[in-house]
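Data block below; observations after.
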Amino acid sequence: MRAITGARPILAALFVCGCASSGASHTSAPPAERVISIVFPLAVDSVRFTSGFGDARGGGRTHHGQDLFCARLTPILAVVDGTVDWVATVRPKNGKSYSILLRGDDGNQYFYDHLNNDNPGTKDNLGDPEFAYAPHMRDGMRVTAGQTIGYVGDSGDAEPSGPHLHFEMHVARWDNPVDPAPALHTALSKRRAFSAGRNRP
């Protein structure tokens, strides 16, 4: 009887420790990464994704976005409400591109590159800003999600690969890029689902 009585404090301690360690071993899984909600940045659904985030580039650089291939002059859309910046007012020098930075109201920044630099019906690289940007686009202009802000092209170093949109997402500040692929695929799936539902008899 004495042995059993003396063991009670030890058994109680073991029970408490067991419960504590048992609780610690059942930690919840880390929360899934939140996909940023955006509108798909192109006015077409038929798009080829290549050159993904983190791909190697010359000079030790890495690719900070996704390349979305589609037809030249495809309208480019604002992915969120915000303010546009980096809108060129004159034709860029040889080798430089037309681009847009969208400062989103959501606190993130969205970069669009390789806008069109060709006059319609040519590949002359002599297109003025009116063929790269939507009418009246200028620095500081307010835009809404889904609004046309520019047109796909191959300005800058994109000519060898063909017309496409290089698209980047920077969270909270510039120079904090994240892979835009999850947000892009989610946005495209939502739009396709909406179109399918709207076209049902």
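Please treat every number below as a calculation from the coordinates, not as lab data. In this text, all values refer to a predicted model and were calculated from it rather than measured experimentally. Cβ: placed from backbone, ideal geometry, glycine included. Neighbour counts: every protein chain shown.
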Quiz prompt | Debye log10 I(q)/I(0) at q = 0.13, 0.15, 0.22, 0.24 Å⁻¹ for the range 105-201, Cα point scatterers | solution = -0.62, -0.80, -1.22, -1.26
Quiz item: Among residues other than residue 145 whose Cβ falls under 11 Å from its Cβ, what is the net charge (Lys/Arg +1, Asp/Glu -1)?
Solution: -3
Practice problem: Can you check what the net charge comes to around residue 123, using other residues whose Cβ is under 14 Å from the Cβ of residue 123 (Lys, Arg +1; Asp, Glu -1)? | Solution: -3
Quiz item: What net charge do the residues around residue 73 carry, taking every other residue with its C-beta under 13 Å from that of residue 73, with Lys and Arg at +1 and Asp and Glu at -1?
Solution: -1
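Using the Cα atoms as the points, what is the convex hull volume per residue of the range 142-185 in Å³?
Per residue, the Cα convex hull of the range 142-185 comes to 133 Å³.
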Self-check item: Candidate aspartates and glutamates for bridging to residue 123, where Cα separation is under 16 Å - those fewer than 8 sequence places away on the same chain excluded
Solution: 154, 157, 159
Quiz item: Which value, in Å³ per residue, describes the convex hull spanned by the Cα atoms of the range 92-150?
Solution: 91 Å³
